[in-house]
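Have a look at the structure below, then the notes.
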Amino acid sequence: MATSSILPNRQVPPATRLPPRSLLVLGLPICLGALLLAMLTSIAFGAAEINATTVWQAIVNFNPENTNHLIIQTLRMPRAVTAALVGAALAVAGAIMQGLTRNPLADPGLLGIEAGAAFAVVGAVFLFQINSLGTYAVFAFAGGGLTAIAVYGLGSAGHGGPTPLKLTLAGAAISALLSSLTTAIMLFNQRTLEEVRFWLVGSVAGRDFALIGQALPYLVIGLGLALVLGRQITTLNLGDDIAKGLGQSTVWIKTFSAIAVVLLAGVSVALAGPIGFVGLVIPHVVRFFVGVDYRWIVPYSMLIGGTFLVLCDVIGRVVARPSELAVGVMTALIGGPVFIALVRWKVKR
Amino acid sequence: MNSPYPWLIVRTRRPALSFKLDHRVPLMTAIALTLTLIILIWNVGTGEYPISPLNVIKTIFGLETGNGDYTFVVNTLRLPRALVAWLVGVMLALAGGIMQSLTRNALASPDITGVTAGASLGAVVLLVVFPAASVISLPAAALSGGLLVAVLIYVMAWRHGDSPIRLILVGIGLAAVLGAAQTILLLRTDIERVQRALYWLTGSVYARSWEHLAALLPWAIVLIPVALFSARHLNALNLGEEVARGLGSAVQWQRALLLLTSVGLTGAAISQVGAIGFVGLIAPHLARRLVGPAHEGSMPVAGLIGGLLVLASDFVGRTLFAPIEVPAGIIIALIGAPFFIYLLWRYRGAL
């Protein structure tokens, strides 16, 4: 097993025992089942008591006259689907970032996507008084995407292209700049603060199928790119020189990987606001079970990330009944301790 | 670096001292000190009640200026605030310098010890849950929160010895949990309190007085010399644990002492002014760029740059949109981040 997978620049230990291929293949449908089960649980839970039969009927045999069916179809199903999609996208984006930068601490936040999205939304609320989730999503996607391009551009300048150190520093500097501007707006404009403070926590409540439909094409392209690039990222993870020696066009692979990350993380932040920790923790958990081959890491991250976020959302609704804790809070409350346990267990140095 | 004598060797018999400095250190120190003094005097003289630089100097030294108001404006209002800003900057920069060498991570800043997360939670709990008690006990709540969390992280990261990488990672995990707790508190309170908390979380030296300076001084007097005299150990630790051990450093003890110093400096500084960020990250980088990586030179220069940064940021924030005051914590990032980006661009081939 990858004993040192959390150590910087040592993602690939010399002797790695991968689980047998048959086990890896078998694991995928099991994880898919877990995801579907989690989504069903999410749909069944809620303020209104709805029994399992009605839930099933509402999904397979929808009757618009029935209030319970309406609750399921317009409130709970979009919520579960959003959580699953966002969790999958964030986990895959995090896995690619970690492979791309060979830094186990990398996550989509490193490219400044969350800081950029937050700044764009807060700025738009301040200037244009926008107030619908759909408009937030547009600004969040644009802001996050532009910031990521700026960070990647700055981090790739100079010979040698994008090195992990340059990317990290560029991301930190640009994020700090944007965050302080965001704070300044919220300090001096109470209306904006009031308006955005719930969005800024990250939540999957109140999203509808129309919003999901707008996001879906980008998600599909991003996830598709990630699945296709798995083999190349595994090679890239051995180091630029080795990858080049093996005949890889590293520049193109890095560029396409970055595009996938921007699409996935951008759509996530557009759908659910800035949600931390999924992109950081899930790939580590996945790597622990499936080894270092990104052809397996990507699909497993997708399924386990989705399951994790759906469950976080369910738990957030259960622990604080009758109100709820936003999923952005829950990922940190649950993911934080898991991460610490993982570190204590695995980082031997 | 093409000078034939790149190093200045300092050797004295009594007290028995021996160290070498990069040849750029004296010049850079002099420049930083001069700039600091100029900005200090300019800052103290500027405001709703302008005072000429000469009169500022006279007032500070207690000489007769022929205007009784000057003493109040300078000595009671503006000078303590400026000194608090400067000292906080020095302390945060040194704390950041220590952390970057200790963890050998260019992105390390005092925050990663968890002090900031703990202090923030302490302050937010007080501001949200006990708003009546907040003015007097805010620094105490922040300081105790910060120190407690730092210790907790050290204990949680301990496993057959300490390890910088485990410290960073456990710090990230715990900071996330504390951040979530803070968010929950802030989501469940009214907007006025949220804004007050946000103000603290940004960091500002607004209306700081001699009392605040007095609260900072004991920490500064003890810990700043420790930080500066640890240069030799930082040099060794920066080469990696094995090398440091080979060079005769008692690695674990050195590291614990340095960590404690960094935590103390950060905790004391932000307990008085709020969670000012970015200084601890950027000042050491600037210092290394200016005088090279040897800590005998880069640590004092980092301290001076940090002090200069916060002092200047407060000055800009106070005067740019007067009478509205922009908190120093925002200005630092607005000035510091573009400068950092420029440095990245300028040295893009070297990283």
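The values are calculated or read from the model by the stated rules, or taken from the named source; none is laboratory data. Just so we're clear, the structure is a prediction, and the values are computed from it rather than from any experiment. When we count neighbours, we look across all protein chains shown, and the Cβ atoms used for this are built from the backbone with ideal geometry, even at glycine. The protein model used for the area step is the full one, side chains on, heavy atoms only, and it has no ligands, DNA or RNA in it. Shrake-Rupley method; radii C 1.70, N 1.55, O 1.52, S 1.80 Å.
Which one of these does A:G239 not meet: (1) more than 25 Å from A:M302 (Cβ to Cβ); (2) within 7 Å of chain B (Cβ to nearest Cβ)?
(2)
Just to be sure, is B:V88 more than 30 Å from B:N235 (Cβ to Cβ), open to solvent by less than 70 Å² (accessible area, probe 1.4 Å) and assigned to a helix (DSSP H, G or I)?
no
State the number of residues belonging to the stretch A:141-155 that are within 13 Å of chain B (Cβ to nearest Cβ) and open to solvent by less than 30 Å² (accessible area, probe 1.4 Å).
So the count comes out to 4.
Say we look at the stretch A:39-53 and pick out the residues that are farther than 20 Å from A:G206 by Cβ and either buried (at least 16 other Cβ atoms within 10 Å of the Cβ) or of a type in the set (G, A, S) (or both); which of these is modelled with the highest pLDDT?
If we take residues in the stretch A:39-53 being farther than 20 Å from A:G206 by Cβ and either buried (at least 16 other Cβ atoms within 10 Å of the Cβ) or of a type in the set (G, A, S) (or both), then A:L40 is modelled with the highest pLDDT.
Report whether or not B:I330 is in contact (Cβ under 8 Å) with a residue 12 or more places away in the chain, more than 29 Å from B:Y154 (Cα to Cα), within 14 Å of chain A (Cβ to nearest Cβ) and among the β-branched types (V, I, T).
Yes, satisfied.
Which residue is modelled with the highest pLDDT, if the candidates are limited to the stretch A:94-130 and must be among the polar types (S, T, N, Q) and not in a helix (DSSP H, G or I)?
A:Q129
Looking at B:T71 and the list (1) open to solvent by 10 Å² or more (accessible area, probe 1.4 Å); (2) under 25 Å from B:V226 (Cβ atoms), which single condition is not satisfied?
Among (1) open to solvent by 10 Å² or more (accessible area, probe 1.4 Å); (2) under 25 Å from B:V226 (Cβ atoms), B:T71 violates only (2).
Pick out the one residue from B:V316, B:V326, B:V251 that is closer than 30 Å to B:V124 by Cα, open to solvent by less than 40 Å² (accessible area, probe 1.4 Å) and not polar (S, T, N, Q).
Exactly one residue qualifies, and that residue is B:V326.
So A:T163 fits all but one of (1) in contact (Cβ under 8 Å) with a residue 12 or more places away in the chain; (2) within 14 Å of chain B (Cβ to nearest Cβ); what number is the exception?
Every listed condition holds for A:T163 apart from (1).
Could you list all residues from the stretch A:185-236 that are within 13 Å of chain B (Cβ to nearest Cβ), farther than 26 Å from A:G94 by Cβ and assigned to a helix (DSSP H, G or I)?
A:I185, A:M186, A:L187, A:F188, A:Q190, A:R191, A:T192, A:L193, A:E194, A:E195
Which residue, of B:G96, B:G114, is open to solvent by less than 20 Å² (accessible area, probe 1.4 Å), within 12 Å of chain A (Cβ to nearest Cβ) and not polar (S, T, N, Q)?
B:G114
Being facing another protein chain (nearest Cβ under 8 Å) and in contact (Cβ under 8 Å) with a residue 12 or more places away in the chain narrows it down to one residue among B:G292, B:G336, B:G306, B:G317; which is it?
Criteria check complete, one pass: B:G336.
Regarding the stretch B:195-218, can at least one residue be identified that is under 30 Å from A:L325 (Cα atoms) and of a type in the set (S, T, N, Q)?
Yes, some residue in the stretch B:195-218 is under 30 Å from A:L325 (Cα atoms) and of a type in the set (S, T, N, Q).
From the residues in the stretch B:161-179 that are at pLDDT 85 or above and open to solvent by 10 Å² or more (accessible area, probe 1.4 Å), which one is nearest to B:D111 (Cα to Cα)?
B:A175
Quick one: in the stretch A:125-140, of everything that is among the small types (G, A, S) and surrounded by fewer than 21 Cβ atoms within 10 Å (Cβ to Cβ), which residue is nearest to A:T234 (Cα to Cα)?
A:G134
Inside the stretch B:223-237, can you point out the residues that are open to solvent by 60 Å² or more (accessible area, probe 1.4 Å) and over 15 Å from the mean Cα position of the chain (by Cα)?
Hits for the stretch B:223-237 are B:F229, B:R232.
Which of (1) part of a helix (DSSP H, G or I); (2) hydroxyl-bearing (S, T, Y); (3) within 28 Å of A:N189 (Cα to Cα) does B:S204 not meet, given it meets every other one?
All conditions are met except number (1).
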